[in-house]
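The values are calculated or read from the model by the stated rules, or taken from the named source; none is laboratory data. Predicted model only: the values in this text are computed from it and were never measured. Every residue, glycine as well, gets a Cβ built from its backbone with ideal geometry; the counts of neighbours run over all protein chains shown.
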Amino acid sequence: MAEVNMEQLLNCALCPNMCRCDCPVLQALGHEKVAPAGKARFAAMHQQDHLELSNEIIEAIANCLGCRGCTVLCPFPELNLCDELLYARTPDSVDQSGQLPAWEPYLANLKKYGSPYGQKPPFGGKSSRGSDVLYFVGCTALANHPESVAVIGKLLQQAGVNYQLIDEDCCGYPAETWGDPNLAHSLAAENIRKFVECGAKKLVTCCPECWLIFTERYKKWGFELPLEIVAAPAYFLGLVKEGLLKPAAIEQTKLSYHDPCIWARTAKLTKEPRQLLESIPGITIEEPLFSGELTHCCGGGRMFQLSFPKTAEEIAKRRLSEFTVGAGIVTACPFCREGLSQENNARIIDLLELLANACCS
Ligand code: SF4
Ligand code: SF4
């Protein structure tokens, strides 16, 4: 189990929730037990053996999207509350339960299929074994939009990039989130084995959660990555700048961009997706209330769409209300695409599919 930083956790537990307006869970549910400092108090009391890890307490502490919205106004720059909360509720051994019964089917799927969604669908695309570029889809994009793999493959072919796909396993983040670090580690080990075997030098992923776990967690878990990890928006912008992709005008010209929290606040990728959009002739971008590093989470962080579906839906509804009616909403994350699409009147467009539309038709 990862070590909890008690000093930081106590700083938060004693704070009057200075970030309350930036925590989407608190805003959606409205009760103090899921406020950032409320969760920190439960976590700190559990760490000091004053509180049993009952289902109610696990649920309260786990009500964190990992969106890092609370960092915007937090006076403690060293505090990474979402990780402290995760570590504090993660069991020391398999005999202790850190899991809610509702999560069991997803953990069972991960063990059996390597995906929380069950059997992986067949996915197409021209995969060239031995290519330097590995395109890592991620289980959420694969489960919800398997057809997107071929679309993005077409885009890579258009740019003249040989790429490969592998029989990927879940990155492990969901297993860690659902309180099974051992399973997370074994998924990571299996992925590393496949990365080495495929011989690629660069892994490009469209999933911010996969990017986060590859770049932050794998190293913390003691794995050495055999390839460079690249965020898809930055990679495809590079192809446009090199002149390998030449976007042409498309029908829809008025668009908004929803910043996925991990791309914006952790990877600091706020300009690149906008530059990609602006590379399409005639596009104008209408910014929503709260954009860039101040973005609000769509409700899909840390597998909320499976773990806490009603809360995820309410958070998505709130986020959608921050956009101008009429403009299509582009995003670059499979969770955001899924969460924001739940509202019937919202037009959610995947950034790479939009680029493929502009470059390949
Ligand atoms: S995350 Fe920072 S601002 Fe928010 S309650 Fe904790 S200490 Fe206060
Ligand atoms: S990371 Fe996001 S959901 Fe978690 S406490 Fe901070 S603002 Fe709330």
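Residue under question is Arg318, and the condition is that it be under 20 Å from the mean Cα position of the chain (by Cα), touching a residue at least 40 places away in the same chain (Cβ under 8 Å) and closer than 30 Å to Pro101 by Cα; does it hold? Before you say what the answer is, go through the steps one by one.
Working: under 20 Å from the mean Cα position of the chain (by Cα): yes; touching a residue at least 40 places away in the same chain (Cβ under 8 Å): yes; closer than 30 Å to Pro101 by Cα: yes.
Judged against the criteria, Arg318 is a match.
Select the strands (runs of 3 or more DSSP E) contained entirely in the stretch 161-271, then report the ones holding at least 1 residues which are modelled with pLDDT of 95 or more, not charged (D, E, K, R) and not assigned by TED's automatic domain parsing to the domain that holds Phe304. Can you show your working first?
Values: elements: 202-205, 228-231, 254-257.
Once the strands (runs of 3 or more DSSP E) in the stretch 161-271 are filtered for at least 1 residues that are modelled with pLDDT of 95 or more, not charged (D, E, K, R) and not assigned by TED's automatic domain parsing to the domain that holds Phe304, what remains is 202-205, 228-231.
Table: residues versus (1) in a helix (DSSP H, G or I); (2) in contact with a Phe, Trp or Tyr (Cβ under 6 Å, 6 or more places away or on another chain); (3) among the acidic types (Asp, Glu).
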site	(1), (2), (3)
Gln305	yes, no, no
Ala312	yes, yes, no
Arg337	yes, no, no
Ile349	no, no, no
Leu354	yes, no, no
Asn55 within 10 Å of ligand 2 (Cβ to nearest atom) and either touching a helix residue (DSSP H, G or I) at 6+ places or on another chain (Cβ under 8 Å) or among the basic types (Lys, Arg) (or both): no
Complete set of residues in the stretch 258-284 that are in contact with a Ser or Thr (Cβ under 7 Å, 6 or more places away or on another chain) and not charged (D, E, K, R): His258, Pro260, Cys261, Ala264, Gly282, Ile283, Thr284
Criterion (more than 9 Å from ligand 1 (Cβ to nearest atom), polar (S, T, N, Q) and touching a Phe, Trp or Tyr at 6+ places or on another chain (Cβ under 6 Å)) met by exactly one of Gln27, Gln119: Gln119
Qualifying residues in the stretch 30-52 (those that are of a type in the set (A, V, I, L, M) and within 10 Å of ligand 2 (Cβ to nearest atom)) - the one surrounded by the most Cβ atoms within 10 Å (Cβ to Cβ): Ala40
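Which of the residues that make up the stretch 138-160 are farther than 26 Å from Cys64 by Cα and part of a loop (DSSP other than H, G, I, E, B)? Give the steps one after another, and end with the answer.
Of the stretch 138-160, the ones farther than 26 Å from Cys64 by Cα are 146-160.
Listed by number, the residues that qualify are Pro146, Ala159, Gly160.
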Neighbours by Cβ (under 8 Å, 6+ apart or cross-chain): first from the stretch 1-20, in contact (Cβ under 8 Å) with a residue 12 or more places away in the chain; second surrounded by 15 or more Cβ atoms within 10 Å (Cβ to Cβ) and among the basic types (Lys, Arg): Ala13/Arg41
Any hit, the stretch 232-241, residues being surrounded by fewer than 15 Cβ atoms within 10 Å (Cβ to Cβ) and within 23 Å of Met303 (Cα to Cα): no
